[in-house]
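The values are calculated or read from the model by the stated rules, or taken from the named source; none is laboratory data. A quick note: this is a predicted structure, and the numbers were derived from the prediction, not measured. Because the Cβ atoms are built from the backbone with ideal geometry, glycine has one as well, and the counts that use them run over all protein chains shown. Only protein heavy atoms, including side chains, enter the accessible area calculation; ligands, DNA and RNA are left aside. Shrake-Rupley method; radii C 1.70, N 1.55, O 1.52, S 1.80 Å.
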Amino acid sequence: MSPMMDDTAPAPQYSEGALIPNIDQKGDNPITIRLTDRERDSGLTDPATLQQLLYAYHRDGFVVLDNAIPDELTDKLYDRIVADTDIYIGKSFQQWNQGEATKNVSVVPPLSRDWLMREFYANVHMMRVIEHLLGPQPELRFLNSNVALPGATGRQAVHSDVNHAFPPIPFGIVVNTYLQDSGPENGVTEIWCGSHDAYGRDEQQVQKESGWIRKECIQAQAKVRKPVQPRVRKGSMLFRDLRLWHAGMPNRGEKARVMLAIDYFAAWYKCPMRLKLPSSAKSKVESWGISTVGIEWVDGEIDHLDQPFFLNMTQDPEMYIKQTPKGVEDWRARATGKYEFDKGIPSDQNWWTPE
Ligand SMILES: O=C(O)CCC(=O)C(=O)O
Ligand SMILES: [Fe+2]
């Protein structure tokens, strides 16, 4: 898929041979770019828009794209995931992210044919950005959501979602699509622009088993670029390099804050994780034109609220983590037989203290 020229787009302007991007762009930490309604509805991303999205992402490991999804669809998915969350948290065990105090829970979105909407999971503007960053045929391999419920008493540690050894180049992107307007008041994620390639893994990690960042690195990096809780509009897509530091924050509002987590990996990376989707959706998903090598088609419907949390963003099929009734099964639990639910309770050693 390549950007297509649109005859109705405004004539480009140049300065010393370079295109001047005449687009709706705001902020610098992070950069937010808003598509025109014309771009959204035609599915054609102006080359200048794409250029700025790529520039921001290469610089920061992070960029926000606004107005790529019609609001009605976003509202519909929000209502469904909130209703599902009520059911999910009544179950005997669930995936609380960094302990129950954060009230941050992973809830799989509905996966039936009708609910698998291209606008979210293979949005044409989103795919154009991802293909230009990860190369041809990027692979969808993980689909989940983070629900930040009101009433949290704690925040997450500053962390990177990948704690294993990884190549020092972009290999995977998570797109966090926000299903409501968000800001610090309802727990928008804390973001550390530019942290994706600031330190090596051994240098930055508290321990090998988690992606939590060492206090010295947190304090030092904040001098280069401050962490921020950006204000984002409903339907915004937050493209984040999997190596980037970030943290889930307490939702002090009254309504649940929902963000999708859609992970694409570069084809060359050969991530072994597979996403289970129902065979009934196969022809629909294939019609999106994305690579489906990361998808495992299963017969019958999938009860999305009854899937154990499963993750493997490494390159090694044996390095997966899986949620079980006794705790999280990771390589260490498999070796020792010792299962734990949380990786520890975050303290002020795990976030930035302004000096
Ligand atoms: O929900 C959020 O804002 C971030 C959650 C997160 O980063 C995580 O659980 O790994
Ligand atoms: Fe995270």
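For the condition within 16 Å of ligand 1 (Cβ to nearest atom), open to solvent by 10 Å² or more (accessible area, probe 1.4 Å), of a type outside the set (S, T, N, Q) and in contact (Cβ under 8 Å) with a residue 12 or more places away in the chain, what is the one hit in LYS208, LYS234, LYS215?
The conditions single out LYS234.
Mind checking which strands (runs of 3 or more DSSP E) fall wholly inside the range 271-353 and carry at least 2 residues that are loosely packed, with under 14 Cβ neighbours inside 10 Å and at pLDDT 95 or above?
295-298
Being part of a loop (DSSP other than H, G, I, E, B), in contact with a strand residue (DSSP E or B) (Cβ under 6 Å, 6 or more places away or on another chain) and open to solvent by less than 40 Å² (accessible area, probe 1.4 Å) is the filter here, so list the residues in the range 123-141 that pass it.
Matches in the range 123-141: PRO138 only.
Which one of the conditions (1) buried (at least 24 other Cβ atoms within 10 Å of the Cβ); (2) away from ligand 2 (no atom under 16 Å from the Cβ) does TRP245 fail to meet, given that it meets all the rest?
Here TRP245 clears every test but (2).
Please identify the pairs in which a residue from the range 12-25 that is within 22 Å of ASN67 (Cβ to Cβ) has its Cβ atom under 9 Å from the Cβ atom of a residue that is of a type in the set (Lys, Arg) and surrounded by 12 or more Cβ atoms within 10 Å (Cβ to Cβ), counting only partners at least 6 apart or on another chain.
Hits for this filter: ILE23/ARG34; ASP24/ARG34; GLN25/ARG34.
Which numbered condition trips up ASN97, out of (1) away from ligand 1 (no atom under 16 Å from the Cβ); (2) within 16 Å of the chain's Cα centre (by Cα)?
Of everything listed in (1) away from ligand 1 (no atom under 16 Å from the Cβ); (2) within 16 Å of the chain's Cα centre (by Cα), ASN97 misses just condition (1).
I need the strands (runs of 3 or more DSSP E) fully contained in the range 1-103, keeping only those with at least 1 residues that are open to solvent by less than 30 Å² (accessible area, probe 1.4 Å).
Where strands (runs of 3 or more DSSP E) fall fully within the range 1-103 and carry at least 1 residues being open to solvent by less than 30 Å² (accessible area, probe 1.4 Å), they are 32-34, 62-66.
Hey, could you check the range 182-206 for residues that are part of a loop (DSSP other than H, G, I, E, B) and within 16 Å of ligand 2 (Cβ to nearest atom) and say which is farthest from the chain's Cα centre (by Cα)?
The qualifying residue farthest from the chain's Cα centre (by Cα) is VAL206.
Under 7 Å between Cβ atoms, at least 6 apart or on separate chains: pull out the pairs that start in the range 283-296 with a residue that is free of Cβ contacts under 8 Å to residues at least 12 places away in the same chain and end on any residue that is open to solvent by 20 Å² or more (accessible area, probe 1.4 Å).
From residues that are free of Cβ contacts under 8 Å to residues at least 12 places away in the same chain, the pairs are GLU286/THR292.
Which residue is nearest to ligand 2 (Cβ to nearest atom), if the candidates are limited to the range 104-117 and must be of a type outside the set (Gly, Ala, Ser) and more than 18 Å from the chain's Cα centre (by Cα)?
Among residues in the range 104-117 that are of a type outside the set (Gly, Ala, Ser) and more than 18 Å from the chain's Cα centre (by Cα), the one nearest to ligand 2 (Cβ to nearest atom) is TRP115.
Going by the conditions given, is LEU111 out of contact with any Gly (no Cβ under 9 Å at 6 or more places or on another chain) and in a strand (DSSP E or B)? Write out each step before concluding.
Values: out of contact with any Gly (no Cβ under 9 Å at 6 or more places or on another chain): yes; in a strand (DSSP E or B): no.
Spelling it out, it is not the case that LEU111 is out of contact with any Gly (no Cβ under 9 Å at 6 or more places or on another chain) and in a strand (DSSP E or B).
Scan the range 142-190 residue by residue and report those that are open to solvent by 30 Å² or more (accessible area, probe 1.4 Å) and within 16 Å of VAL64 (Cβ to Cβ).
Correct list: ASP181, PRO184.
I'd like to verify a number: residues in the range 191-205 that are surrounded by 16 or more Cβ atoms within 10 Å (Cβ to Cβ) and more than 20 Å from ASP28 (Cα to Cα), how many? Let's see the steps before the verdict.
In the first step, residues of the range 191-205 are kept if they are surrounded by 16 or more Cβ atoms within 10 Å (Cβ to Cβ); the result is 191-196, 198-199, 201, 204-205.
In the following step, the residues that additionally are more than 20 Å from ASP28 (Cα to Cα) were identified as 199, 201, 204-205.
The qualifying residues number 4.
Looking only at the range 254-266, count how many residues are open to solvent by less than 30 Å² (accessible area, probe 1.4 Å) and either away from ligand 1 (no atom under 14 Å from the Cβ) or assigned to a loop (DSSP other than H, G, I, E, B) (or both).
4
Residues to consider are ARG240, ARG233; find the one that is within 16 Å of ligand 2 (Cβ to nearest atom), touching a strand residue (DSSP E or B) at 6+ places or on another chain (Cβ under 7 Å) and among the basic types (Lys, Arg).
Just a single option satisfies the conditions, and that option is ARG240.
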